[in-house]
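What follows is a short report on a single structure.
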Amino acid sequence: MKKQILFIQGGDKNGYETDKSLVASLQKEIGPDYIIQYPELDSDESLPDFGWTKQINRQIAEMKGAFFLAGHSLGASMILKYLTEKTVNKNIKAIFLTAIPFWSGNEDWKQGLKLKENFEKKLPDHIPIFFYHTRDDEEVSFTHFIQYKQKIPNAIFTEIKTGGHQFDNDLSEVAKDIMSFQ
């Protein structure tokens with residue numbers, strides 16, 4: 001039976017299309033023993049979190065058996081928000097978060113994206129969490145990565161020198177870590 005990955009796209013109007021290259025890179029690296037579920041999420045700007053946590057909940061509920069959970073940018077941050085605000089009764093083997101923003105500020109549109117106080121204490125402690133960020137990310141500053149490192153010191157953090165926000169469409173580091181699980 002193939003191993004499963006649920007990959008949640010980044011935001012922006014073209015987030016799904018843009019991140020197809022990331023998913024293709026990951027699939028190429030992990031090979032045919034894995035299948036990636038890559039649903040297209042819609043943004044409803046009338047909702048505080050654009051409706052993403054509800055959609056992520058639905059996607060997770062549809063997964064059968066054990067799986068890996070991965071996300072990019074806004075999708076990664078919404079995975080973390082979901083995991084710290086909901087009870088997850090699924091067999092998630094590990095979580096892989098790339099170019100994840102650490103939402104802060106007082107702008108109205110950010111309020112539904114921000115993590116709650118002490119969010120790190122609500123993370124499932126039995127699921128390994130991996131963070132990846134490039135030093136030259138032009139959209140999500142490397143300081144966001146540092147903030148997560150300070151808040152969640154028991155997670156695994158991989159700093160990548162170059163690749164920008166899209167990792168030069170190369171998720172080989174993520175693939176290597178996924179394949180380390182048996």
* To do: List every residue pair whose Cβ atoms sit under 7 Å apart, with the two residues 6 or more apart in sequence or on different chains, where the first one lies in segment 4-29 and is within 25 Å of A66 (Cβ to Cβ) and touching a residue at least 40 places away in the same chain (Cβ under 8 Å) and the second, anywhere, is assigned to a helix (DSSP H, G or I) and aromatic (F, W, Y).
  => Q9/Y16; L22/F167
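Filter segment 93-111 down to residues that are assigned to a loop (DSSP other than H, G, I, E, B) and in contact with a helix residue (DSSP H, G or I) (Cβ under 9 Å, 6 or more places away or on another chain) and give me whichever is surrounded by the most Cβ atoms within 10 Å (Cβ to Cβ). If you could, list the steps in order and put the result at the bottom.
Taking segment 93-111 and keeping what is assigned to a loop (DSSP other than H, G, I, E, B), we get 99-107, 111.
Still in the running and in contact with a helix residue (DSSP H, G or I) (Cβ under 9 Å, 6 or more places away or on another chain): 99-104.
Working: A99: 29, I100: 25, P101: 22, F102: 18, W103: 18, S104: 12.
Applying the filter and picking the extreme gives A99.
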* Structure fact -> Reported set for segment 65-81 where residues are touching a strand residue (DSSP E or B) at 6+ places or on another chain (Cβ under 9 Å), buried (at least 17 other Cβ atoms within 10 Å of the Cβ) and either farther than 17 Å from V174 by Cα or not small (G, A, S) (or both) is F67, F68, L69, H72, L74, M78, I79, L80
* Among the residues of segment 143-163, which ones are closer than 23 Å to S25 by Cβ and surrounded by fewer than 15 Cβ atoms within 10 Å (Cβ to Cβ)? -> I156, E159, K161, T162
* To do: Go through the residues of segment 51-64 one by one and say whether even a single one is polar (S, T, N, Q), buried (at least 16 other Cβ atoms within 10 Å of the Cβ) and either part of a strand (DSSP E or B) or in contact with a His (Cβ under 9 Å, 6 or more places away or on another chain) (or both).
  => no
* **Some residue of segment 124-135 being surrounded by fewer than 18 Cβ atoms within 10 Å (Cβ to Cβ), within 22 Å of Q4 (Cβ to Cβ) and hydrophobic (A, V, I, L, M, F, W, C)** => yes
* Select from segment 119-135 the residues that are without any contact (Cβ under 8 Å) to a residue 24 or more places away in the chain and not charged (D, E, K, R) and list them in ascending order. => H126
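No lab work stands behind these numbers, since they all come straight from the coordinates. This is a predicted model, so every value here is computed, not measured. Every residue, glycine as well, gets a Cβ built from its backbone with ideal geometry; the counts of neighbours run over all protein chains shown.
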